[in-house]
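The values are calculated or read from the model by the stated rules, or taken from the named source; none is laboratory data. In this text, all values refer to a predicted model and were calculated from it rather than measured experimentally. When we count neighbours, we look across all protein chains shown, and the Cβ atoms used for this are built from the backbone with ideal geometry, even at glycine.
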Amino acid sequence: MTAADFIRAHTTLAHPALAPELTLWSATEITPLWQATEAWLAARDLAPPFWAFAWPGGQALARHVLDHPELVAGRRVLDFAAGGGIAAIACARAGAASVAAAEIDPLARAAIALNAAENGVPVTVAADDVVGTPGQWDLILAGDVCYEAPMTARILPWLRTQARTAEVILADPGRAYLPAGLAALARYSVPTTRELEDRESREVTLYRLEADYIPEG
């Protein structure tokens with residue numbers, strides 16, 4: 001079974017609550033997917049299928065881009081830690097000059113390709129980990145990436161470096177490791193499920209990341 005076959009077998013086409021004009025291969029319930037795929041994923045040393053859900057940060061980014069296409073028009077965009085690629089697909093729909101989606105999970109990369117094709121938009125899926133690479137984008141979007149201390153510590157210095165030459169926007173639904181040095185751009189209330197979150201909706205704030213922020217003290 002290929003990665004694409006696996007995705008089609010365990011998900012269904014659905015419309016994210018905050019961006020219903022988009023279509024994604026998505027899981028309807030988290031527990032059955034985890035149970036059904038645990039052995040398949042473990043045998044291939046793959047992470048749990050986080051890509052199968054439109055997380056609040058990604059939905060907020062997609063909604064913001066679709067409502068404000070001038071943000072991406074004519075720009076080279078990177079959807080970082082893209083999950084299923086919802087923000088990347090929104091950027092391509094909104095008129096970005098080029099869109100890349102970065103994910104370290106091979107199954108997520110396959111999901112991004114399937115989702116982009118389903119929406120009829122061109123998205124380049126990065127084959128390698130982009131953290132540490134030189135800047136080649138005008139805009140970087142990152143949804144819900146500050147949920148673990150090691151993850152935040154690894155990516156934040158690189159994102160701040162990127163912010164010297166590109167606009168970097170983080171979408172955060174109140175995770176524990178959100179850094180300082182951020183300027184709020186917009187807020188969205190995103191419907192969610194108690195299978196994924198501890199509440200029925202998440203308030204997501206979009207922030208602009210400053211380059212080389214130095215904490216006070």
Segment 167-184, residues that are surrounded by fewer than 21 Cβ atoms within 10 Å (Cβ to Cβ) and at pLDDT 90 or above: 167, 184
Residue match in segment 117-127 (condition: under 21 Å from residue 163 (Cα atoms) and of a type in the set (Ser, Thr, Tyr)): no
Selection status of residue 113, in a helix (DSSP H, G or I), at pLDDT 95 or above and under 18 Å from residue 162 (Cβ atoms): no
Qualifying position, being touching a Phe, Trp or Tyr at 6+ places or on another chain (Cβ under 9 Å), surrounded by fewer than 18 Cβ atoms within 10 Å (Cβ to Cβ) and outside any loop (DSSP other than H, G, I, E, B), among 153, 142, 60: 153
Any hit, segment 119-136, residues being assigned to a helix (DSSP H, G or I) and either more than 24 Å from residue 207 (Cα to Cα) or under 14 Å from the mean Cα position of the chain (by Cα) (or both): yes
Whichever residue in segment 38-62 is out of contact with any Asp or Glu (no Cβ under 7 Å at 6 or more places or on another chain) and aromatic (Phe, Trp, Tyr) and, among such residues, is modelled with the lowest pLDDT: 40
Test for residue 88: is it touching an Asp or Glu at 6+ places or on another chain (Cβ under 7 Å), part of a helix (DSSP H, G or I), under 22 Å from residue 49 (Cβ atoms) and at pLDDT 95 or above: yes
Counted residues, segment 112-161 - those being in contact (Cβ under 8 Å) with a residue 40 or more places away in the chain and touching a Ser or Thr at 6+ places or on another chain (Cβ under 8 Å): 4
Residue list for segment 2-26, filter: of a type in the set (D, E, K, R) and part of a helix (DSSP H, G or I): 5, 8
Number of the condition not met by residue 160 [criteria: (1) more than 14 Å from the chain's Cα centre (by Cα); (2) closer than 24 Å to residue 7 by Cβ; (3) surrounded by fewer than 20 Cβ atoms within 10 Å (Cβ to Cβ)]: (2)
